[in-house]
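The structure under discussion appears below in the form of structure tokens.
The values are calculated or read from the model by the stated rules, or taken from the named source; none is laboratory data. Worth saying up front: this structure is predicted, and the values here are computed from it rather than measured. Here the Cβ positions follow ideal geometry from the backbone for every residue, glycine too, while neighbour counts run over all protein chains shown. Calculation scope for accessible area: heavy atoms of the full protein, side chains included, ligands and nucleic acids excluded. Shrake-Rupley method; radii C 1.70, N 1.55, O 1.52, S 1.80 Å.
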Amino acid sequence: MVSKQQKAFYRKLYLSWLVAQQEHSLSSLVELTAMPRRTIQDTLADLSDIGIDCQFVQREGGRHNEGYYQLRSWGPINPSWVEEHLPALQQALAPADM
């Protein structure tokens, strides 16, 4: 059983990994992960709590909040560990009814 705190930590790692792979908007992350929009927004806003630097990049000439997230630094997190444990992270984050 994964605790609430572990799940929150895993969510941070998983979303960071996704953002590091390619440009993602909030909408594309919602579509890809099936997580609620607000959960993703809150998680991305809290990445600095574990030392990860993730910024929103506004597209030039785009409308307000049109852009993508960019991972600037993994901080103390080893991205190789995240990639190696990705299946376990995804399983821990899967909805209970699956």
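Observations, loosely collected:
- Single condition ASN65 does not satisfy, out of (1) surrounded by 13 or more Cβ atoms within 10 Å (Cβ to Cβ); (2) modelled with pLDDT under 95; (3) among the polar types (S, T, N, Q): (1)
- Among the candidates LEU47, LEU71, the residue that is in contact with a Ser or Thr (Cβ under 8 Å, 6 or more places away or on another chain), more than 29 Å from MET1 (Cα to Cα) and not β-branched (Val, Ile, Thr) is uniquely LEU71.
- Looking across segment 29-47 at every residue that is touching a strand residue (DSSP E or B) at 6+ places or on another chain (Cβ under 8 Å) and without any contact (Cβ under 8 Å) to a residue 40 or more places away in the chain, the one that is most open to solvent (accessible area, probe 1.4 Å) is identified as LEU32.
- Residue count for segment 2-21, restricted to those that are small (Gly, Ala, Ser), free of Cβ contacts under 8 Å to residues at least 12 places away in the same chain and part of a helix (DSSP H, G or I): 0.
- Of all residues in segment 28-48 being modelled with pLDDT of 95 or more and out of contact with any helix residue (DSSP H, G or I) (no Cβ under 8 Å at 6 or more places or on another chain), the one that is farthest from SER80 (Cα to Cα): ARG38
- Looking only at segment 1-28, residues that are small (Gly, Ala, Ser) and exposed (fewer than 11 other Cβ atoms within 10 Å of the Cβ) come to 2 in all.
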